[in-house]
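The values are calculated or read from the model by the stated rules, or taken from the named source; none is laboratory data. What you see is a predicted model, and the numbers here were worked out from it, not measured in a lab. Reconstructed Cβ throughout: ideal geometry from the backbone, glycine too, with neighbour counts over all protein chains shown. These accessible areas exclude ligands, DNA and RNA; they are computed on the full protein's heavy atoms, side chains included. Shrake-Rupley method; radii C 1.70, N 1.55, O 1.52, S 1.80 Å.
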Amino acid sequence: MAPGQFSMYVCGPTVYDLAHLGHGRYALVFDVLRRYLEWRGLKVRHVSNITDVDDKILDRAEAEHRSPSEVAEEFEEKWFSTMDRLGVLRPSYTPHATEYVDKMISLVESLLKVDAAYIGEDGVYFDTSKVSDYGLLARQSLDSLKAGARVAGKDFKRSPVDFVLWKFFDRSSWTWDSPWGPGRPGWHTECVVMSVDLLGEEFDLHGGGLDLSFPHHENERAQACVVHYKFSRHWVHNGFVMVGSEKMSKSLGNFTTLDDLLRSTDPRAYRLLVLQSHYRSPLDVNPQTVAEASRALVRLDSTYQRVVESGIDLATGGLDKAEVDRFVEAMDNDLDTPTASARLFELRSRVNQLLDDGKLSEAGTACVTMEHLFSSLGLFLSVPESSELPTHVRDLVEQREVARMEKNFALSDRIRNDLLALGYALEDTSLGQKVRRI
Ligand SMILES: [Zn+2]
């Protein structure tokens with residue numbers, strides 16, 4: 001690809017329901033990748049689609065007596081509002097499947113022309129036997145995939161792993177005209193057409209959750225192979241979100257929306273939790289891991305706050321090059337965010353030690369480096385306002401302010417100790433009382 005440029009396509013959501021924790025993870029993983037590459041100086045062209053034509057959208061629309069496009073628009077809007085809260089950058093391009101139906105029809109026609117597709121009873125199907133290395137992404141042979149495929153129940157299919165490219169008119173009037181009559185495109189075609197249209201026939205990276213590696217990405221690759229696109233040079237799949245020991249899924253009944261999580265959790269804590277696990281590993285999300293991430297975030301913020309309040313001029317501080325190199329070394333090793341963030345937590349301890357030792361200038365440099373490197377991953381440290389303190393803590397702070405004005409030093413000191421017991425340190429400064437998490 002062109003020097004300094006990076007092109008990535010990430011399969012986006014099917015907009016028929018609220019985003020869940022798994023969506024949040026993949027969005028954060030690819031947001032971190034994109035931000036890191038940009039921080040390293042690459043110009044990233046990031047395409048992520050919206051699947052706005054799908055049976056699940058139709059099912060919901062029928063159940064709610066609404067039009068499918070109304071359902072799709074509602075959940076697309078909700079998707080982006082949740083992603084905004086998570087601090088996920090908007091993609092450079094967000095193509096919609098419904099805008100690409102003509103191009104999908106053209107691709108299906110090309111596949112039919114070279115005999116890599118055939119017409120079945122209810123649609124046009126892709127003939128997987130025409131791709132010699134089908135199963136490459138799943139690292140399985142065609143024979144084992146066939147054996148593992150669910151009984152299709154469709155006698156006309158040449159193989160159980162053959163997949164639909166175009167669905168003929170069935171129960172709905174939500175159709176597009178095609179050479180095969182009115183119908184709807186199959187899911188696996190849209191990403192081939194949209195990625196090639198916006199990134200070219202060869203691009204750098206194609207990503208998504210692990211559940212997309214087979215069959216979705218395999219089927220995209222199969223179509224691209226037949227029409228001789230070089231297609232994606234790298235495939236990146238992030239691991240599942242686990243709730244307890246089970247893979248999170250709606251059918252298991254452990255479905256949790258991102259909005260549920262963000263009602264009680266700082267969105268940055270979910271980003272930190274995602275960072276602390278390697279993108280290919282499963283991520284365990286439960287009240288304990290979320291609470292640990294939240295506490296770790298509070299520790300980062302409080303160190304940052306300590307430095308800010310110590311009066312060190314952070315604007316003039318340079319970066320600690322050795323620390324930057326350690327960070328880059330970890331990140332360049334297959335995006336090893338757990339090691340990179342562990343190194344930044346070590347740096348945080350060093351900032352505190354330097355402050356304790358009164359080495360303010362060195363503390364400033366270390367703090368600026370920590371803050372800068374976290375922000376390259378989209379995690380921004382903040383100085384909490386006193387209004388963000390829990391109510392019972394805020395009440396104590398106010399009572400102490402009164403005690404101090406009344407020169408009731410015994411009471412004032414007792415309240416200070418009560419705050420310490422709750423994990424808050426209180427300092428008297430020329431600007432008044434300052435409270436920080438320990
Ligand atoms: Zn896709």
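Working value for the range 325-390: equivalent-ellipsoid semi-axes of 23, 17, 9 Å, each the square root of 5 times a Cα gyration tensor eigenvalue, largest first. For the chain, the longest principal axis of the C-alpha atoms and the axis of helix 321-332 are separated by about 30°.
Note on Asp155 and Asp357: their simple-model spin labels are 8.2 nm apart, each label 7 Å out from Cα toward Cβ. The stretch between Glu406 and Leu420, if pulled fully straight at 0.36 nm per residue, gains 2.9 nm over its current Cα-Cα span.
Heavy-atom accessible surface of the range 5-247, averaged per residue, reaches 44 Å², computed with a 1.4 Å probe. Could you run the Debye sum over the Cα atoms of the chain, one equal point scatterer each and no solvent, and tell me log10 of I(q)/I(0) at q = 0.10, 0.13 Å⁻¹, two decimals? Debye output, listed in q order: -0.80, -1.17. The local environment of Met370, defined by Cβ-Cβ distances under 11 Å, has a net charge of -1 under the rule Lys, Arg +1 and Asp, Glu -1. Remark: the range 229-238, residue by residue, has Karplus-estimated 3J(HN,Hα) of 7, 5, 6, 6, 7, 9, 10, 10, 10, 8 Hz, where x stands for each Gly or Pro and the curve is 6.51 cos²θ - 1.76 cosθ + 1.60 at θ = phi - 60°. For the residues Glu190, Glu323, Glu401, a GNM of the chain with alpha-carbon springs under 10 Å puts the largest fluctuation on Glu401.
Surface composition of the chain: carbon and sulfur atoms hold 50% of the protein heavy-atom accessible area at a 1.4 Å probe. The angle separating the long axis of helix 101-113 from the principal Cα axis of greatest extent in the chain is about 50 degrees.
What you get for the chain, charging only the Cβ of Lys and Arg (+1) and of Asp and Glu (-1), is a dipole of about 820 debye around the Cα centre.
Fully extending the segment from Arg139 to Asp259 would add 39.7 nm, taking 0.36 nm per residue of separation and subtracting the current Cα-Cα distance. The gain in end-to-end length when the Ser213 to Asp115 segment is fully stretched comes to 32.8 nm, 0.36 nm per residue minus the alpha carbon separation. Summarising the amide proton neighbourhood of Ser277: residues at separation of 5 or more, or on other chains, whose placed amide H is nearer than 5 Å comprise an empty set. Largest first, the extents of the alpha carbon coordinates of the range 273-376 on the three principal axes equal 41, 30, 20 Å.
To check you understand DSSP bridge types, tell me what percent of the beta bridges within the chain (both residues inside) are antiparallel, rounded to 5. Here the antiparallel bridges make up roughly 50 percent for the chain.
Here the label points at Thr289 and Gln399, each 7 Å from Cα along the C-beta direction, are separated by 3.9 nm in the simple model. Here the range 318-383 is assigned +1 on the Cβ of each Lys and Arg and -1 on the Cβ of each Asp and Glu. Its dipole about the Cα centre then comes out at about 180 debye. Using a simple spin-label model with pseudo-atoms 7 Å out from Cα toward Cβ, Arg299 and Tyr93 lie 4.4 nm apart.
When a/c reaches 1.5 or more, the comparison of a/b and b/c decides; with that in mind, is the range 39-174 rounded, prolate or oblate per its Cα gyration tensor?
oblate
Given springs between every Cα pair under 10 Å in a Gaussian network model of the chain, which of Ser48, Ser144, Ser341 has the largest fluctuation? Among Ser48, Ser144, Ser341, the largest GNM mean-square fluctuation belongs to Ser144.
Could you pull out every one of the lysines with an alpha carbon less than 20 Å from that of Lys321, ignoring same-chain neighbours closer than 8 positions? Result set, ordered by chain and number: Lys359. The radius of gyration of the Cα set in the range 5-247, together with its Dmax, comes out at 17.9, 53 angstrom. In the chain, the longest principal axis of the Cα atoms and the axis of helix 360-376 are about 20 degrees apart. Considering only Ala97, Leu112, Leu137, the residue lying farthest towards the positive end of the dipole of the range 51-151 is Leu137, judged by Cα position with unit charges set on Cβ. For His46, the shell of other residues with beta-carbons less than 14 Å away shows a net charge of +2, using +1 for Lys and Arg and -1 for Asp and Glu. Here the 3J(HN,Hα) profile of the range 84-96, calculated from phi with Karplus coefficients 6.51, -1.76 and 1.60 at θ = phi - 60°, is 4, 5, 6, x, 7, 5, 5, x, 5, 9, 10, x, 9 Hz, Gly and Pro shown as x.
My understanding is that a pair violates if its Cα-Cα distance is over 20 Å; which of Lys103/Lys230; Lys56/Lys167; Lys103/Lys146 do that in this structure? Checking Cα-Cα distances, Lys103/Lys146 exceed 20 Å.
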